[in-house]
Amino acid sequence: MSQLLSNDTISLRPLEPTDLNTLYTWENDSELWAVSDTPAPYSRKALWDYLEAYTGDIYAQRQLRLMITLADDGTPVGTIDFLNFDPMNNRAELGLFIAQEYRGKGLGRMALERLTDYAVNHIGLRQLYVYILLNNEVCLNLFDSFGYRRVGVLQTWVKRGTTYHDAVLMQMIF
């Protein structure tokens with residue numbers, strides 16, 4: 001794996017058909033639906049079709065989704081994405097997910113470092129932005145410490161059950 005997408009601890013790699021069961025588990029965790037804009041469970045067939053059609057071409061698909069794996073044994077620990085890629089304005093939304101059992105180990109920060117380097121030095125992005133629920137202090141602290149600026153609060157932005165929650169819009173300009 002290229003040094004651009006890895007370090008001694010993690011690697012970022014393209015999605016593979018062998019990721020089907022892992023994605024099925026993660027995508028169908030209803031606790032995550034509010035932050036992923038998922039309204040209902042995915043079938044294995046729908047995820048298989050996604051994996052089969054996915055090219056990893058950020059220009060054609062306007063997104064890039066990579067699996068975060070442990071460098072030593074390839075264990076999947078999360079995903080990191082560019083969403084809503086806008087090549088005209090050289091920006092993309094960033095999505096980051098670390099599986100519960102791997103949180104608090106610095107893996108999200110490492111993935112963020114690798115993908116940011118890739119964004120700047122390979123794709124030539126000028127800015128990245130994220131939406132984070134106001135009550136997600138761990139995630140807000142991660143992006144704060146990484147140099148993202150809080151540029152606004154979107155009121156009643158995300159619905160969980162029957163309650164709406166505020167989200168912080170954070171931005172990094174290179």
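The values are calculated or read from the model by the stated rules, or taken from the named source; none is laboratory data. The shown structure was predicted, so the numbers you read here are calculated from the model rather than taken from an experiment. Here Cβ is always computed from backbone atoms with ideal geometry, including for glycine, and neighbour counts include all displayed protein chains. The protein model used for the area step is the full one, side chains on, heavy atoms only, and it has no ligands, DNA or RNA in it. Shrake-Rupley method; radii C 1.70, N 1.55, O 1.52, S 1.80 Å.
Any idea which residue in segment 1-47 is modelled with the highest pLDDT, counting only those that are in a helix (DSSP H, G or I) and small (Gly, Ala, Ser)? Spell out the reasoning first.
First pass over segment 1-47, keeping only residues in a helix (DSSP H, G or I): 3-5, 17-27, 30-36, 44-47.
Those still in the list that are small (Gly, Ala, Ser) too: 30, 34, 36, 46.
Numbers: Ser30: 74, Ala34: 60, Ser36: 66, Ala46: 90.
Among residues in segment 1-47 that are in a helix (DSSP H, G or I) and small (Gly, Ala, Ser), the one modelled with the highest pLDDT is Ala46.
Looking at Leu128, Leu96, Leu107, Leu142, which is the one that is of a type in the set (A, V, I, L, M, F, W, C), closer than 30 Å to Asp57 by Cβ, open to solvent by 40 Å² or more (accessible area, probe 1.4 Å) and under 15 Å from the mean Cα position of the chain (by Cα)?
Answer to the check: Leu96.
Table: residues versus (1) assigned to a loop (DSSP other than H, G, I, E, B); (2) open to solvent by 40 Å² or more (accessible area, probe 1.4 Å); (3) in contact with an Asp or Glu (Cβ under 9 Å, 6 or more places away or on another chain); (4) aromatic (Phe, Trp, Tyr).
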| site | (1), (2), (3), (4) |
| --- | --- |
| Asn121 | no, yes, no, no |
| Ile132 | no, no, no, no |
| Thr156 | no, yes, yes, no |
| Val168 | no, no, no, no |
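Report every pair of residues separated by at least 6 positions or lying on different chains whose Cβ atoms are under 6 Å apart, first residue within segment 134-152 and over 19 Å from Leu107 (Cβ atoms), second open to solvent by 40 Å² or more (accessible area, probe 1.4 Å).
Listed by first residue and then by second, the contacts come to Leu134/Asp166; Arg149/Gln171; Val151/Leu169; Val151/Gln171; Gly152/Leu169.
How many residues are surrounded by fewer than 12 Cβ atoms within 10 Å (Cβ to Cβ) and among the hydrophobic types (A, V, I, L, M, F, W, C) when one looks only at segment 17-45?
So the count comes out to 1.
Would you please list the contacts, defined by Cβ atoms under 7 Å and residues six or more apart or on different chains, that run from a residue in segment 71-85 that is open to solvent by 40 Å² or more (accessible area, probe 1.4 Å) to a residue that is among the hydrophobic types (A, V, I, L, M, F, W, C) and part of a strand (DSSP E or B)?
Ala71/Ile10; Leu83/Ala92; Asn84/Ala92
Give the residue, chosen from Asn89, Asn141, that is of a type in the set (S, T, N, Q), part of a helix (DSSP H, G or I) and out of contact with any His (no Cβ under 7 Å at 6 or more places or on another chain).
Details: Asn89 fails: part of a helix (DSSP H, G or I).
Of Asn89, Asn141, the one residue that is of a type in the set (S, T, N, Q), part of a helix (DSSP H, G or I) and out of contact with any His (no Cβ under 7 Å at 6 or more places or on another chain) is Asn141.
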